[in-house]
Amino acid sequence: MPELPEVETVRRGLAPVMEGETFSSVQIRRKNLRIPFPKDFVSRLLGARILHVKRRSKYLLIETETDVLIWHLGMSGQVRIYKVGDTVAPVGKHDHVQFDLSSGAVVVFTDPRRFGLMDLALREDIAAHRLIKDIGPEPLGNAFSGPILAARLKNRQVSIKQAIMDAHTVAGVGNIYASESLYRAGLSPKRKAYTVQGRRAEKLATAIKNVLNAAIDAGGSTLKDHRTTDGGLGYFQFSFAVYGRAGEACPDCDCDIYSTFGISRLEQGGRSTYYCSRKQR
């Protein structure tokens, strides 16, 4: 599933193309994705001017003068932008939504597994929308810091890995980037969340920010489905320290792979976790 860096990469591709333009055509080629489209989806967007393209956690938020399009990419969703002068590819089997803009640019949402979604909310109601209202602080914003993270972890009995993957704790930190952040912070993914206070919380908050920013700079991680809006790949997978590297040597510590067996893998909450049992405590 696309995590925060992948969604932010898509947002950065969409913003310069969509902001300031109007929807000249809105085509939905089925009645639903993960949930049904609002019945007035097309009529509310058609002719509307796009003010901002934002992101909240793993949701894209396309703001018009009256509404906000809430857009989740799901498990396999891809967004492709065709700029003015580009040849738009023939409609594919999984091209479920197409936005034609007043500039002549075209935005196509492709979602083979149909786990994505699109919904609409009035601009004044967006903060209270059921998909948005309980999301925690944005990890790249000023509202996220060691003390803020520590307060959200206090009294949490789950593992720290599970806690930071919970969007109520911090927005958008998925499985890949949780493993990578804990490695950078030197914290075991098995550690109880409530024990991450003080300096530990500071190190983890910094690690989360640094990992996410590095991934965004690399265009996200393409393990299977993620593509940038021009159809290219993300490259952060080539910088993974631990994720997907079970049995390999740690990249920046002096582990004896013959005694430690290298990077370890365990399952937490049905998801694979990768870590260094020597470096992470």
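Restricting to segment 205-262, count the residues that are closer than 23 Å to GLY136 by Cβ, free of Cβ contacts under 8 Å to residues at least 60 places away in the same chain and either touching a Pro at 6+ places or on another chain (Cβ under 8 Å) or not small (Gly, Ala, Ser) (or both).
Residues in segment 205-262 being closer than 23 Å to GLY136 by Cβ, free of Cβ contacts under 8 Å to residues at least 60 places away in the same chain and either touching a Pro at 6+ places or on another chain (Cβ under 8 Å) or not small (Gly, Ala, Ser) (or both): 2 in total.
Could you grab me the full set of residues in segment 42-69 that are aliphatic (A, V, I, L, M) and not in a strand (DSSP E or B)? Break it down stepwise before answering.
Here is the first cut: in segment 42-69, the ones aliphatic (A, V, I, L, M) are 42, 45-46, 48, 50-51, 53, 60-62, 68-69.
Scanning segment 42-69 gives VAL42, LEU45, LEU46, ALA48.
Would you check which residues across segment 13-39 are free of Cβ contacts under 8 Å to residues at least 60 places away in the same chain and over 18 Å from MET75 (Cα atoms) and list them?
ALA15, PRO16, GLU19, GLY20, LYS31, LYS39
Kindly indicate the residue of segment 188-223 that is in a loop (DSSP other than H, G, I, E, B) and hydroxyl-bearing (Ser, Thr, Tyr) and also surrounded by the fewest Cβ atoms within 10 Å (Cβ to Cβ) among those meeting that condition.
Result: THR222.
Is there any pair linking a residue in segment 165-187 that is closer than 16 Å to VAL7 by Cβ and assigned to a helix (DSSP H, G or I) to one that is at pLDDT below 95 and of a type in the set (Asp, Glu), with Cβ under 8 Å and at least six apart or on different chains, and which?
These pairs meet every condition: ASN175/GLU3; ILE176/GLU3; TYR177/GLU3.
Applying the selection to segment 234-252, what residues are surrounded by 14 or more Cβ atoms within 10 Å (Cβ to Cβ) and either hydrophobic (A, V, I, L, M, F, W, C) or in contact with a helix residue (DSSP H, G or I) (Cβ under 6 Å, 6 or more places away or on another chain) (or both)?
Listed by number, the residues that qualify are PHE236, PHE240, ALA241, VAL242, TYR243, ALA246, ALA249, CYS250.
Among the residues of segment 92-137, write down those that are under 21 Å from HIS168 (Cα atoms) and β-branched (Val, Ile, Thr).
Matches in segment 92-137: ILE126, ILE132, ILE135.
The values are calculated or read from the model by the stated rules, or taken from the named source; none is laboratory data. Note that this is a predicted model, so its numbers are computed, not measured. Note that each Cβ is placed from the backbone with ideal geometry, even for glycine, and that neighbours are counted across all protein chains shown.
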